[in-house]
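The values are calculated or read from the model by the stated rules, or taken from the named source; none is laboratory data. Here the structure is a predicted model, which means the values were calculated and not measured. Neighbour counts are summed over all protein chains in view; Cβ atoms, including those assigned to glycine, are modelled from backbone coordinates with ideal geometry.
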């Protein structure tokens with residue numbers, strides 16, 4: 001269930017019965033609260049605060065690569081060091097898992113950035 005922001009309207013500041021400085025202070029606070037809650041009518045909503053209800057980014061998938069499984073096995077043939085084919089294939093698999101993990105995190109961060117920018 002998505003959260004919805006819940007704000008109560010700020011009542012108008014009384015025009016009589018309070019000092020001028022109190023009226024100015026209360027009006028400034030009222031305006032700032034309305035800007036933060038998005039109830040002031042600001043066209044670009046640039047001042048609206050970010051709250052939990054506005055963030056709906058999903059948790060990224062579980063990381064698939066938790067450690068390198070390739071062992072670095074190799075052999076020396078005619079003075080040249082070469083990797084064992086099975087270990088080389090495992091390294092390619094490890095790198096692909098890591099690339100997938102990075103892509104998933106990147107997608108999550110992009111969604112979060114989009115939501116934070118509004």
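Details
- In this structure, residue 66 qualifies as loosely packed, with under 11 Cβ neighbours inside 10 Å, at pLDDT below 95 and not in a helix (DSSP H, G or I).
- Complete set of residues in region 84-118 that are outside any helix (DSSP H, G or I) and either over 26 Å from residue 52 (Cβ atoms) or in contact with a helix residue (DSSP H, G or I) (Cβ under 7 Å, 6 or more places away or on another chain) (or both): 84
- Within region 37-63, being surrounded by 11 or more Cβ atoms within 10 Å (Cβ to Cβ) and not in a loop (DSSP other than H, G, I, E, B) holds for 37, 53, 54.
- Verdict on residue 95 being within 36 Å of the chain's Cα centre (by Cα) and over 29 Å from residue 38 (Cβ atoms): yes
- Residue within region 80-90 that is more than 30 Å from residue 114 (Cα to Cα), within 34 Å of the chain's Cα centre (by Cα), modelled with pLDDT of 90 or more and surrounded by 10 or more Cβ atoms within 10 Å (Cβ to Cβ) present: yes
- Filtered residues of region 94-118 (kept if exposed (fewer than 13 other Cβ atoms within 10 Å of the Cβ) and without any contact (Cβ under 8 Å) to a residue 60 or more places away in the chain): 96, 99, 102, 103, 106, 109, 110, 113, 114, 117
- Looking across 37, 76, one residue alone is out of contact with any helix residue (DSSP H, G or I) (no Cβ under 6 Å at 6 or more places or on another chain) and closer than 27 Å to residue 118 by Cα. It is 37.
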